[in-house]
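Report on the following structure.
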Amino acid sequence: MFGDSVAEGYTISQHARLSFVPQLREALVARGLERGGEGLIPLVPMRWTLGDWFTQIERPSGPAAWRLVGVGGLPSLDGPSGYSGVAEGPSARASVRVEDPEALLLYTTSTQETPFTVTAGAREWRLDAYAPGPPRPAHVQLELPRDARTLVVQGPRAGRLTLSGVVGRRAPSPGRVQVEVSNLAHAGRFPQWDSAPRVLRSIADQGYDVTVFMWSYNSELATPARPRTGDAAALYEPALLRRARLARRSGGLCLIADSTPLPVPPAVRGRFAAIHRRVARRARCAYTPVLARLWSDPHTAHRRGLTQPDRVHPTPAAYRRMARALAPVVERLVRQRSALL
């Protein structure tokens, strides 16, 4: 699931349970698909516990800090989500709750020896991010102890460790179709912001079966008074096309969904719907306007408790409505993809 802050859902409390992606996961399970693992947990402070951290535009705050890349709407360098963290000492610590039996730890290779340690329950892994050649996406598969609930990554004893997150996995039951829904959306970013080669390679390496694109009309694009509206939209279409073709490259299917009706002029909404239809046709993706038909207008949605005070970001009730509306469309693609495997 790619999109901006509307799809990301980090603006609500209990987002790990009540935002769009977890509610879509539940809606698909309710339709008879088997629950998979947690999927990708990107390295963001909303999902991980970090002893200390700072962003690209802030000053370093000590040897225990992680420098977060891609957080705050800034362009990213690597990782399938476009988020990653850089640590330069063993006192940097990152932990995340993982209840699945298998975890893929995603990191970037280093041109020098970069030994670091990962623990889960009573298990400890001594790893090294070094690999010959230029930095590139990599992962290591970890079989977690049965009683482990938390994965802990210590910073490197030498070098610089770039960590992109972890993927929680579990094997499907025989004969069942399984869904593992991952949130790869970002606050305030559009597809043209994530064109770094390591980002695109990391996305391709994941080999997603079904990719859903759900960008909305961020005020950067939608406010007519801003002269860059046309330029931003002109960048958006070829970038979305590139991402859609990337999703199709490994045989996966993709869906482009018009987002929910935000408070923007109808002409802006229509322009982006036309872009989505053109990209879907050229990349051979599915297209759906189902989310744009959930309520009559943004002001009515706010009165009914479906948007937050900014009248842009959905509430948990709205995410539930969105998930239930999109689930049948996604389910058809999941079953179509599983029939091809």
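Residue selection: G37 satisfies the criterion of being in a loop (DSSP other than H, G, I, E, B) and crowded, with 20+ Cβ neighbours inside 10 Å.
So is G9 modelled with pLDDT under 95, out of contact with any Phe, Trp or Tyr (no Cβ under 7 Å at 6 or more places or on another chain) and not polar (S, T, N, Q) or not? It is false that G9 is modelled with pLDDT under 95, out of contact with any Phe, Trp or Tyr (no Cβ under 7 Å at 6 or more places or on another chain) and not polar (S, T, N, Q). Restricting attention to region 158-198 and to residues that are among the polar types (S, T, N, Q) and at pLDDT 90 or above, the residue that is nearest to Y208 (Cα to Cα) turns out to be S182.
Annotation: of all residues in region 86-140 being surrounded by fewer than 17 Cβ atoms within 10 Å (Cβ to Cβ), in a loop (DSSP other than H, G, I, E, B) and among the acidic types (D, E), the one that is modelled with the lowest pLDDT is E99.
For V29, the criteria (1) within 19 Å of the chain's Cα centre (by Cα); (2) assigned to a helix (DSSP H, G or I) hold in every case but one, which is (1). Annotation: R31 fulfils all but one of (1) under 22 Å from G252 (Cα atoms); (2) touching a strand residue (DSSP E or B) at 6+ places or on another chain (Cβ under 9 Å); (3) in the same structural domain as P191 (by TED's automatic domain parsing); (4) modelled with pLDDT of 90 or more; the unmet one is (2). Can you tell me which residue is surrounded by the fewest Cβ atoms within 10 Å (Cβ to Cβ) among those in region 166-190 that are part of a strand (DSSP E or B) and touching a Lys or Arg at 6+ places or on another chain (Cβ under 8 Å)? Ranking the qualifying residues of region 166-190, first place goes to Q178. Put simply, of A239, A280, A257, A318 the only residue that is under 21 Å from the mean Cα position of the chain (by Cα), under 21 Å from Q206 (Cβ atoms) and buried (at least 20 other Cβ atoms within 10 Å of the Cβ) is A257.
The values are calculated or read from the model by the stated rules, or taken from the named source; none is laboratory data. Bear in mind the structure is a predicted one, so any value in this text is a computation, not a measurement. Counting neighbours? That spans all protein chains shown, and the Cβs are built from the backbone with ideal geometry, glycine included.
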